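Remarks on the structure that follows.
The values are calculated or read from the model by the stated rules, or taken from the named source; none is laboratory data. Source: prediction; values computed, not measured. Reconstructed Cβ throughout: ideal geometry from the backbone, glycine too, with neighbour counts over all protein chains shown. To get the accessible areas, we keep the full protein, side chains included, count just its heavy atoms, and leave off ligands, DNA and RNA. Shrake-Rupley method; radii C 1.70, N 1.55, O 1.52, S 1.80 Å.
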Amino acid sequence: AQSVAQPEDQVNVAEGNPLTVKCTYSVSGNPYLFWYVQYPNRGLQFLLKYITGDNLVKGSYGFEAEFNKSQTSFHLKKPSALVSDSALYFCAVRGRGSTLGRLYFGRGTQLTVWP
Amino acid sequence: GAVVSQHPSWVICKSGTSVKIECRSLDFQATTMFWYRQFPKQSLMLMATSNEGSKATYEQGVEKDKFLINHASLTLSTLTVTSAHPEDSSFYICSAQSTSGGRGETQYFGPGTRLLVL
């Protein structure tokens with residue numbers, strides 16, 4: 001079975017400080033991993049993905065994530081948080097053998113960046 | 001690039017009426033589209049997966065006769081909520097996936113449709 005865990009419902013960080021939003025996954029075989037961001041009353045915006053290659057993936061708006069196979073983690077990071085980064089963040093996983101391309105989402109982490 | 005639109009962005013309807021929501025991929029061809037439902041402060045719940053030209057695959061517990069999905073072309077999928085009731089009120093989000101080029105394997109999401117059934 002495929003699943004994603006985002007252990008923190010809420011992450012609070014001061015503007016200018018580094019931020020980390022945690023994600024661990026469970027999937028058979030090698031995964032495709034994704035991060036999305038959702039602003040209020042909006043759909044999800046794609047931030048970045050890991051498919052293969054370099055474990056450190058860089059994405060939109062200065063975000064990056066590191067794939068750690070041994071820890072089955074894909075934590076989202078940013079060196080310096082902005083107030084405008086405040087939003088709901090979703091981690092998602094898809095198994096490579098999935099013919100339908102279904103994504104399994106975590107429950108989301110609300111990031112609040114304080115000025 | 002990779003823009004997905006949804007129409008309408010919000011709709012209010014009377015109980016018993018049907019509502020159609022459109023999902024379009026604007027700058028790529030979507031071989032697969034997905035429909036999700038999201039409740040306040042919760043994650044996305046996959047309702048169904050549709051491939052162009054074939055019947056949609058519904059998730060367990062989703063009534064296919066109530067939530068009709070049509071994926072008529074590589075850029076358009078529609079979700080029709082038939083005989084809507086207040087419990088159908090929710091935020092509906094579609095996504096589209098292309099298997100070609102650098103966008104492969106990534107789902108791109110529409111902005112969502114807020115449905116309120118009175």
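Kindly state which strands (runs of 3 or more DSSP E) lie completely within the stretch A:73-115 and contain at least 1 residues that are within 9 Å of chain B (Cβ to nearest Cβ).
Output list reads A:87-95, A:109-114.
Select from the stretch A:32-52 the residues that are open to solvent by 30 Å² or more (accessible area, probe 1.4 Å) and of a type outside the set (Phe, Trp, Tyr) and list them in ascending order.
A:PRO40, A:ASN41, A:ARG42, A:GLN45, A:LYS49, A:ILE51, A:THR52
Considering each residue of the stretch B:1-23, count those that are in a strand (DSSP E or B), more than 13 Å from chain A (Cβ to nearest Cβ) and more than 16 Å from B:PHE67 (Cβ to Cβ), and give that number.
Of the residues in the stretch B:1-23, 1 are in a strand (DSSP E or B), more than 13 Å from chain A (Cβ to nearest Cβ) and more than 16 Å from B:PHE67 (Cβ to Cβ).
Take the conditions assigned to a strand (DSSP E or B), at pLDDT 95 or above and surrounded by fewer than 21 Cβ atoms within 10 Å (Cβ to Cβ) and apply them to B:LEU46. Does it pass?
No, not satisfied.
I'd like to know if the stretch B:63-83 contains one or more residues that are within 13 Å of another protein chain (Cβ to nearest Cβ), touching a residue at least 12 places away in the same chain (Cβ under 8 Å) and part of a loop (DSSP other than H, G, I, E, B).
No: zero hits.
If A:ASN55 meets every condition in (1) open to solvent by 50 Å² or more (accessible area, probe 1.4 Å); (2) in contact with a Phe, Trp or Tyr (Cβ under 8 Å, 6 or more places away or on another chain); (3) under 27 Å from B:GLN42 (Cβ atoms) apart from one, which number is that one?
Going through (1) open to solvent by 50 Å² or more (accessible area, probe 1.4 Å); (2) in contact with a Phe, Trp or Tyr (Cβ under 8 Å, 6 or more places away or on another chain); (3) under 27 Å from B:GLN42 (Cβ atoms) one by one, A:ASN55 breaks only (3).
Among A:GLY29, A:GLY101, which is modelled with pLDDT under 95, at positive phi and open to solvent by less than 20 Å² (accessible area, probe 1.4 Å)?
A:GLY101
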